Each structure stands twice: as C-alpha cells, then as structure tokens.
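The values are calculated or read from the model by the stated rules, or taken from the named source; none is laboratory data. Keep in mind the model is a prediction, meaning the values are calculated, not measured. Here the Cβ positions follow ideal geometry from the backbone for every residue, glycine too, while neighbour counts run over all protein chains shown.
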Amino acid sequence: MSDETGPTPPSERLVSLDALRGFALLGILVINSWVFAMPEATLANPTVYGDFTGANYWAWFVGHVFAQQKFITIFTLLFGAGILLFLEGDKGSYSPAILYVRRMALLVVFGLAHAYLLWYGDILVAYGLCAFAVVLLRPLPPWALTVTGVTLIAVPSLVEGVAGLVVDPATITSSWQPASETLQREVAIYQSGWVDQFEHRVPAAYQRQTTGLLSYTGLRVSGTMLLGMALYKWGVLTNGRSSRFYGWLTFSGTTLGLATILMGVWYIEAANWAPEAALFWRQFNYWGSFALAGAYVGGVMLYSRWRPEDLLTRALAAVGRTAFSNYILQTVLATSIFYGHGLGLFGQVTRVEILAIVVAIWLVQVVASLWWLRYFRYGPLEWLWRVLTYGKRYPIRVGRSGR
C-alpha cells in the first residue's frame with residue numbers, strides 16, 4: 001500500500017478493472033452517437049428518421065444487438081463497485097463520509113454543466129444522485145444487494161409492461177413516431193449555433209433529470225449499482241474468479257443475451273414498428289442487455305488475464321483510467337462534428353457514416369489516453385475531481401517512480 005493518503009495511485013489500480021471501464025466507455029459512444037447525430041426519437045424508434053435500409057439497417061442492427069444498453073450497464077456496474085473501492089481506501093485523517101458526499105455532489109455539478117451546456121444525454125447527474133441512496137446499502141451481503149438491485153431494475157419493466165396492456169397506443173404515438181415537422185425542427189436547432197440549441201437541450205435535459213429519473217433511469221441505475229457492489233464483493237469485477245467461471249459467464253451470457261435481444265428484433269419487425277408494440281419490445285433488450293453485459297465482463301477479464309501487457313489491454317486500461325475525461329471528450333468531439341457551432345452534420349449523415357466517425361473518435365481517444373498517461377498520473381478531469389474532493393492539490397505529473 002502507498003504511504004500517502006488520498007486518491008489511489010495508478011500503481012495500485014487493477015488493470016482488468018480499468019480495461020473493463022475503458023471497454024465500456026468506448027462502447028457507450030456507439031449508441032450515444034445516434035443521439036449526437038440524429039433526432040432524439042431515433043434512440044427508441046430508428047425508423048422515424050434517416051435511411052433504414054441496406055447497410056444502414058445493419059449498422060443499426062449491430063449497434064442495437066451488441067451495444068445498446070450493454071456498455072452503459074457495465075459502466076454503471078463499475079460505478080457501483082467504485083463506491084466500495086472509494087470507501088475502502090485509506091483516507092488518513094479525512095472523513096470518508098464527508099469525502100463521499102463532496103465527491104458525489106461535485107459529480108452532480110459536473111453533470112449539470114455537461115447536460116445544460118453541452119449535451120442533454122448526460123448520465124453523471126443520475127449517477128451522483130443515485131449514489132447518495134445506494135451507499136446506504138453497502139453493508140449488505142452480496143446476495144441481498146443482488147435481490148434488492150434486481151427488484152429495483154424490475155420496476156420500470158413491470159410498469160411499462162402493464163402500460164402496454166392498458167394504455168391507448170395513440171397516447172404514445174407522438175413520442176414513438178413524432179411528426180415530421182417536430183423532427184425537422186430539432187435538426188434545424190442543432191444545425192444552428194450553441195445558444196439556439198438551448199431550445200431543445202434544456203427541456204430535454206430537465207425531463208431526463210426529473211420525470212425520467214424518477215420513473216426509469218433512477219431505478220435502473222440504482223439497481224445496477226447495487227449489482228456492481230455485489231459483483232465486486234464476489235470478486236467478479238476484480239478478476240478474482242477462476243478462468244472457468246469467466247468462460248461460463250461469457251458463454252451463458254452471450255447465449256441468453258443474444259437469444260433474448262434477437263427475439264425482440266423479430267417481435268418489433270413483425271409488428272411493423274407499430275406504437276402498440278413499443279412498450280413491449282423494449283423489454284427484450286432491457287433484460288437481454290444484462291446477460292450480454294455479463295458476457296462482455298467475462299470476456300474482458302479473460303483477455304486481460306491472458307494478455308495483461310498486450311497493447312489492446314493497455315489501450316483499454318488507459319482509456320479506463322481517464323474515463324471521466326474521455327466521457328466529456330466524447331461529447332466535445334461529437335458535438336463539434338455534428339452541431340452547428342462545429343461542422344453542422346446533425347441529421348445529414350447515414351448510420352454507416354456515424355459508425356465511421358465513432359471509430360475515428362475511438363482512435364483519437366486511445367492515442368490521446370496512452371500519450372497523456374506517459375506524462376500524467378490522472379486524466380485532467382479525474383485530477384480536478386480529486387483536488388476538489390480532498391481540498392488538496394495532488395501532483396499530476398508522473399514522477400521518476402512512474403506513479
């Protein structure tokens with residue numbers, strides 16, 4: 001252990017945990033890019049805007065099946081594990097409770113700035129707010145954390161399932177299939193300047209942080225964080241289980257996850273993307289994403305165990321160590337490409353072109369992260385978050401010891 005109190009130095013970090021976080025962070029961009037580049041409604045119903053045939057259909061298909069909700073699930077699991085890691089660390093003379101409250105309050109502030117100034121799809125506010133509640137349950141044994149987490153996760157699914165049975169489909173048509181004028185207005189807004197974008201960004205962010213948080217996001221995020229705590233205590237997220245266990249997790253998660261998600265694709269296409277099928281079809285990926293996310297966890301753990309010094313492992317770990325900075329960097333790069341204060345490509349690119357841009361951003365982030373960590377101990381925002389949390393300026397440049 002380090003003899004200095006405060007943030008965990010890089011030399012004491014788990015490479016597999018960082019690699020998994022980097023893997024999740026990069027994967028998140030696949031789905032976030034849809035909302036960066038196209039009207040918000042396309043996230044739920046991709047048929048409402050843009051070409052949805054040929055290669056563009058398959059670009060959506062691959063994203064939906066392999067990425068949508070899978071990577072954000074892993075990221076949230078890791079955030080839950082990170083709560084325990086933070087509180088278990090040596091805080092010296094600092095009060096762990098005060099540091100934790102300050103740390104999460106700062107995250108909410110960062111998230112509010114991100115949501116209202118840059119992009120309404122922010123997740124940091126939800127993480128910070130939910131963290132105040134889930135931390136109270138951290139003493140529970142893993143099985144109790146799992147039961148509580150699954151219960152919370154199940155609530156939005158049950159509510160939507162019941163709503164699908166009793167709600168008149170006409171009431172969800174406006175959100176499922178917005179009028180062409182509504183879509184074109186959103187395109188015009190994001191092809192305009194930064195100030196003009198507030199017209200959509202502010203109400204969209206506010207809805208996500210109020211009714212959206214209470215009815216859906218808060219429950220899924222809180223439940224998933226609790227699962228992350230349980231998996232951390234069981235040693236799953238720290239590469240503490242056997243290779244056989246991770247192999248089983250990868251195989252069973254892939255089999256169950258893909259079967260469920262593909263069944264959902266068949267269901268919605270058989271229903272011709274009708275509004276009356278909307279609330280039901282969401283459930284397939286809602287639950288299938290947890291199984292496939294588990295498969296990804298198993299795969300990354302096995303790979304980082306097999307090739308701990310491999311370039312891919314090191315690249316993912318570098319992105320993971322600077323995940324906060326890279327999350328915001330994704331927004332800065334994407335909005336600079338798609339929004340009117342940048343290149344203004346919002347609503348003008350195909351799904352295949354969006355994927356190409358995602359890969360380009362990945363390359364920038366991987367190279368930048370590897371380069372940055374040659375000279376600095378933390379990402380710039382990670383360092384700022386730590387300094388503000390502890391009220392003390394920690395060295396950021398790498399010393400002779402490499403720490």
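Observations, loosely collected:
- Out of Tyr394, Tyr378, one residue alone is within 23 Å of the chain's Cα centre (by Cα) and outside any helix (DSSP H, G or I). It is Tyr378.
- Put simply, of Tyr206, Tyr267, Tyr246 the only residue that is closer than 24 Å to Ala133 by Cα and in a helix (DSSP H, G or I) is Tyr206.
Every residue, every condition in (1) of a type outside the set (A, V, I, L, M, F, W, C); (2) buried (at least 17 other Cβ atoms within 10 Å of the Cβ); (3) in contact with a Cys (Cβ under 9 Å, 6 or more places away or on another chain), yes or no:
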residue	(1), (2), (3)
Val35	no, yes, no
Leu43	no, no, no
Trp60	no, yes, no
Lys70	yes, yes, no
Phe86	no, yes, no
Pro96	yes, no, no
Phe110	no, yes, no
Ala113	no, no, no
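- Residues in segment 167-198 that are in contact (Cβ under 8 Å) with a residue 24 or more places away in the chain and among the acidic types (Asp, Glu): Glu186, Asp196.
- Scanning segment 120-169 for residues that are in a helix (DSSP H, G or I) and of a type in the set (Phe, Trp, Tyr) yields Tyr127, Phe132, Trp143.
- Residue in segment 90-103 that is in a helix (DSSP H, G or I) and of a type in the set (Lys, Arg) present: yes
- For segment 300-310, the tally of residues that are assigned to a helix (DSSP H, G or I) and within 20 Å of Val366 (Cα to Cα) stands at 4.
- Residue that is nearest to Val367 (Cα to Cα) [pool: residues in segment 1-35 that are charged (D, E, K, R) and at pLDDT below 95]: Arg13
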